[in-house]
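Written below as structure tokens is the structure these notes are about.
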Amino acid sequence: MTRALTLLRRRLVGSVFVLLIVIIGSFLLLEAAPGDAVDAYIVSTGGDAGMIELLRHRWGLDQSELTRLANYLWALLHLDLGQSVTFSRPIRDVILERLPTTLILMGSATALSFGLGSALGIYAGARPGGFRDRLLSIGSLALYAVPGFWLGLVLIVVFAVDLRWLPIGGIETIASAKTGLARAADVATHLVLPVAALGFIYLALYLRMMRAGMAEAWRQDFILAARARGLARRRIVLAHVARNALLPLVTMLGLQSAQMLGGSVVIESVFAVPGLGRLAQEAVAGRDTPLLLGIILVSAVLVVVINLLVDLAYAFLDPRVGASEAGL
């Protein structure tokens, strides 16, 4: 418990600097891009030079970059993400509306890819070099080579257009007036194809990592000792080989969280799911820099929290690693 608290304290201190680098770096990069929110607004609605000057003064765009950065950091200290010029609403409220959808999509895709990928990896790695190992290795390589957006389009054509088994997009049926379990079932039905498109790509990665880890573990001395003791093969596979091959997958789970978040941007656009990904697309189209900064900040916090949980899980699975990381 002491090691876990020490590790948690160290990670939290480091996370503050990580978030500060992300905020300042993102702000400077967005400021370096040509045009601003006023330009995007004038293109869509029209206006004269007086209106442009008025909007820039109202939205604070007539101030220097350093002044705006200082004001933004000061507002963040008070948990204020600012005002969206695209939605004319507080950014915190806009993000909180879209965040649950992205979390459900990411969580479901992660559970599918990690759970099913690990199980298939154990099945393949139980007998390295066998027929099922070769079959699953070839299948996972083919699946990993497929782009996520292309897989999503194929799933739409097959299961939504031809077979008409599942909805073509969206998060729920419009104006269905469903409540309770009926609405939850409706949302789950709409998420089947997006979750499959996002999760199958990473499923192949976990399968290959688990299979490779188990193939390496079979050559270790403690496995030979277990076989010499006459332990059942099923027990050796699950309790010794698979357990030792699981640790790299836990590390990869944290590293993949950022890529999974980036992949959800594409998948949400393909399936018209109103999550953070589509919100980022709308913010870019409207040159809404404060909203885009808010999305980047929330995404960075999500990645930091997921990696923190992975570090704690790693320390629990292998106490030696937790002790060394905590400096004990």
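The values are calculated or read from the model by the stated rules, or taken from the named source; none is laboratory data. Not measured: the values here are computed from a predicted model. Using ideal geometry, Cβ is built from the backbone for each residue, glycine included, and neighbour counts are taken over all protein chains shown. Side chains are part of the model used for accessible areas, which takes the heavy atoms of the whole protein and leaves out ligands, DNA and RNA. Shrake-Rupley method; radii C 1.70, N 1.55, O 1.52, S 1.80 Å.
What to note about this one:
- Selected residue (only one of V237, V195 is hydrophobic (A, V, I, L, M, F, W, C), over 26 Å from the mean Cα position of the chain (by Cα) and crowded, with 20+ Cβ neighbours inside 10 Å): V237
- Single condition G35 does not satisfy, out of (1) under 20 Å from V284 (Cβ atoms); (2) outside any helix (DSSP H, G or I); (3) open to solvent by 80 Å² or more (accessible area, probe 1.4 Å): (3)
- Which listed residue, of S137, S88, S118, S84, is without any contact (Cβ under 8 Å) to a residue 60 or more places away in the chain and either open to solvent by less than 30 Å² (accessible area, probe 1.4 Å) or among the polar types (S, T, N, Q) (or both): S88
- Residue in the range 7-19 that is open to solvent by less than 90 Å² (accessible area, probe 1.4 Å), modelled with pLDDT under 75 and on the phi > 0 side of the Ramachandran plot present: no
- Evaluation of A177 against the conditions (1) of a type in the set (A, V, I, L, M); (2) open to solvent by less than 30 Å² (accessible area, probe 1.4 Å); (3) not in a helix (DSSP H, G or I) shows that the sole unmet condition is (2).
- Leading residue by the ranking (farthest from the chain's Cα centre (by Cα)) among those in the range 278-305 that are β-branched (V, I, T) and open to solvent by 50 Å² or more (accessible area, probe 1.4 Å): V284
- Apart from one condition, L253 fits all of (1) part of a helix (DSSP H, G or I); (2) in contact with a helix residue (DSSP H, G or I) (Cβ under 8 Å, 6 or more places away or on another chain); (3) closer than 30 Å to V146 by Cβ; (4) modelled with pLDDT of 80 or more; the exception is (4).
- Being part of a helix (DSSP H, G or I) and surrounded by fewer than 23 Cβ atoms within 10 Å (Cβ to Cβ) is a property that E216 has.
- Members of the range 157-166 that are open to solvent by less than 60 Å² (accessible area, probe 1.4 Å) and modelled with pLDDT under 90: A160, L166
- Within the range 147-156, the residues that satisfy the criterion of being more than 11 Å from L198 (Cα to Cα) and open to solvent by less than 40 Å² (accessible area, probe 1.4 Å) are L155, I156.
- Screening the candidates L279, L247, L302 for the property of being in contact with a Ser or Thr (Cβ under 8 Å, 6 or more places away or on another chain) and either in contact (Cβ under 8 Å) with a residue 40 or more places away in the chain or closer than 21 Å to E31 by Cα (or both) yields one hit, L302.
- Options A160, A196; residue that is touching a Pro at 6+ places or on another chain (Cβ under 8 Å) and in contact (Cβ under 8 Å) with a residue 12 or more places away in the chain: A160
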